[in-house]
Every structure is written in structure tokens, then in C-alpha cells.
Amino acid sequence: MLAPCEIAVKCVLPSVRAMIAEKLVNKHNLNQAETAKLLGVSQPAISLYCRKIRGKTINLENDHDIENLIERLAERLAKSKLPYKEFVLRLCEICRTIRAKGLLCEIHKVFDPSIDIENCGICSTPNSLACLADS
């Protein structure tokens, strides 16, 4: 059995990073090296994100809430040095929102066919939204 966070690491985080990278490069006019440094990845990874070769497992671009959260994070990254803890908390907020909306369920089912996504509800329970609230 795989936990939702394991699926998020494999599929969601690369897609979120790709969206953040795209915004930093195209909207905030950072170059790929600057963007890579802000996201803690390599410049070639940013190139792959921008060319939509990496980070395309889950399409989050049509979800208004996710788009807003990613835009706010990209803007904060572009404007100032974001403390590590705030970056992690914002990234976790994006992931929790994706999970709570059920956007991870179908992908989770692909990785773990034993999961009954119709009756699971793990990601949409109130406690799952507060996984880092006490940090």
C-alpha cells in the first residue's frame, strides 16, 4: 500500500514545480538558473519543466484554487527571499488542497490498484488538511 504523500512526491510535486517554474520564468522574468536556485533544483530540470517534458503527470492548470495558490507562491518567491519554512508550508498547502479536491485519487489508483477510491476519503477528511498545522 502506498500513502497519498508517496504519490504526491512522485506526481504532484513535479507538476507543481513545473507550474511555479513556468510562472517565475514567463511572468516574473527570471532566468532558468535563478528559477532553479529558488526551487532547489537544477537548471536542466527547469528547462524540462518549461518545455513540458517533466512535471506533466497531473494537469492542475484548470483548477482555479490551485492556480491561485501557485501564483501566490511564485510571486512571493520572485519578490523576496522566502524562508525555507514558509516555502515548505505553502507547498504543503498546495498539496493538501490537491488531495482534498480528490485530484490525486485516480493517479493513486494507478499506482495502487487495491485502493477503493470511491470509499477511501483519507485525503478529504478534516484531519488530513492539518497535517502540518502544529509545526
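Read the figures in this text as sums done on the coordinates, not as results from a lab. Because the structure is a prediction, the values reported are computed rather than measured. As a convention, Cβ positions derive from the backbone with ideal geometry for all residues, glycine included, and neighbour counts pool all protein chains shown.
Brief remarks follow.
- Considering residues of the range 78-126 that are hydroxyl-bearing (Ser, Thr, Tyr) and either over 15 Å from the mean Cα position of the chain (by Cα) or over 19 Å from residue 11 (Cα atoms) (or both) only, the residue surrounded by the most Cβ atoms within 10 Å (Cβ to Cβ): 124
- Among the residues of the range 1-49, those identified as β-branched (Val, Ile, Thr) and in contact with a Ser or Thr (Cβ under 6 Å, 6 or more places away or on another chain) are 25, 46.
- Evaluation of residue 69 against (1) closer than 21 Å to residue 4 by Cβ; (2) outside any loop (DSSP other than H, G, I, E, B); (3) aliphatic (A, V, I, L, M); (4) in contact with a Leu (Cβ under 8 Å, 6 or more places away or on another chain) (one fails), failing number: (4)
- In the range 86-105, the residues that are closer than 17 Å to residue 38 by Cα reach residues that are part of a helix (DSSP H, G or I) and not hydrophobic (A, V, I, L, M, F, W, C) with C-beta atoms within less than 8 angstrom, at least six apart or across chains, in these pairs: 86/76; 90/72; 90/76.
- Check on residue 2, out of contact with any Phe, Trp or Tyr (no Cβ under 6 Å at 6 or more places or on another chain) and either without any contact (Cβ under 8 Å) to a residue 12 or more places away in the chain or in a loop (DSSP other than H, G, I, E, B) (or both): no
- Qualifying residues in the range 71-82 (those that are in contact with an Asp or Glu (Cβ under 9 Å, 6 or more places away or on another chain) and of a type outside the set (Gly, Ala, Ser)) - the one nearest to residue 102 (Cα to Cα): 73
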